[in-house]
Amino acid sequence: MSKGAGCIEFISHIDLAELNVVTISIRVLLAVLVGGIIGLERDIKNHPAGFRTYILVCLGSTMVMMTNQFISETYQTGDPSRMGAQVISGIGFLGAGTILITKNNHVKGLTTAAGLWSAACIGLAIGIGFYEGALAGTISLLIIMTSFQRIKKRIVNQRDMIDCYIIFESLNAFNEFLSVCLARNWRVLTIQEETLHSDEGYVMFFLTLRFNNRIEARDFVFRYKEIRGILSLSESES
């Protein structure tokens with residue numbers, strides 16, 4: 001019998017649900033691999049939490065579940081899911097650190113925060129030996145973070161409605177913009193004044209606008225500067 005065949009036969013006799021040197025090594029390596037793949041996708045897009053952060057989150061939660069399993073099996077006491085539950089609730093502090101509020105009150109980093117929480121859950125699955133669930137969760141998470149972004153943009157481009165933050169030169173400029181909307185039959189569905197720290201008298205509003213068709217909506221985003229009094233416009237990100 002060859003060494004390769006002997007190794008395969010040895011692995012086939014291992015119970016991957018048990019806690020031993022082999023399964024511990026498999027779980028640790030899988031956590032590093034899965035966390036690294038997810039984090040690399042975030043790093044490529046220059047998000048706050050990237051390669052090493054995701055590895056650490058996934059590996060740490062894996063270690064928590066293995067420790068919990070070790071305590072339960074060795075001392076025959078304790079709830080095998082207790083420490084995992086603390087990870088799920090405690091990872092929020094790290095996720096909160098990736099959520100940024102810009103000077104214009106734009107909220108960014110929500111997807112990164114949700115990704116960190118999901119990576120922690122995947123790590124818990126790996127740590128307890130639920131490999132199928134961990135791999136399915138990893139694939140789903142990667143698809144959501146990559147392909148779904150393109151799908152979202154495609155859907156948004158077909159809309160005749162946009163949510164946006166608009167900075168005006170003054171309150172009079174904002175009133176003139178409302179007149180423009182009325183003249184062009186654009187419906188203003190939502191108006192919310194936002195805090196803007198400026199000594200120039202500028203004002204900012206969060207607006208939900210509905211246009212006559214999607215072409216008008218797209219043109220407005222690209223040609224808003226043609227309307228007098230608008231200094232900047234940025235679409236709201238969910």
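Observations on the model:
- Selection from L207, S232, W186 lying farthest towards where the dipole of the range 181-238 points positive, charges on Cβ: W186
- Sequentially through the range 172-188, phi angles give Karplus couplings (6.51, -1.76, 1.60; θ = phi - 60°) of 5, 5, 5, 5, 5, 5, 4, 5, 4, 4, 5, 5, 8, 6, 8, 8, 9 Hz, Gly and Pro residues having no value and appearing as x.
- Label-point gap, in nm, between L231 and R214 - each point 7 angstrom along Cα→Cβ: 3.3 nm
- Classified by the C-alpha gyration tensor, the range 159-235 has a prolate form. Its axis ratio a/c, with a ≥ b ≥ c, is 1.5 or above, and a/b is larger than b/c.
- Contour excess over end-to-end distance, with Cα ends at V221 and S147 and 0.36 nm allotted per residue: 24.3 nm
- The range 20-40 and the range 159-182 have their alpha-carbon centroids 51 Å apart.
- Restriction of the GluC sites (Glu not before Pro) in the range 180-238 to DSSP coil positions whose beta-carbon has at most 14 other beta-carbons within 10 angstrom yields E200, E237.
Every number in this text was worked out from the coordinates using simple rules, so none of it is lab data. Quick caveat: nothing in here was measured; it's all calculated off a predicted structure. When we count neighbours, we look across all protein chains shown, and the Cβ atoms used for this are built from the backbone with ideal geometry, even at glycine.
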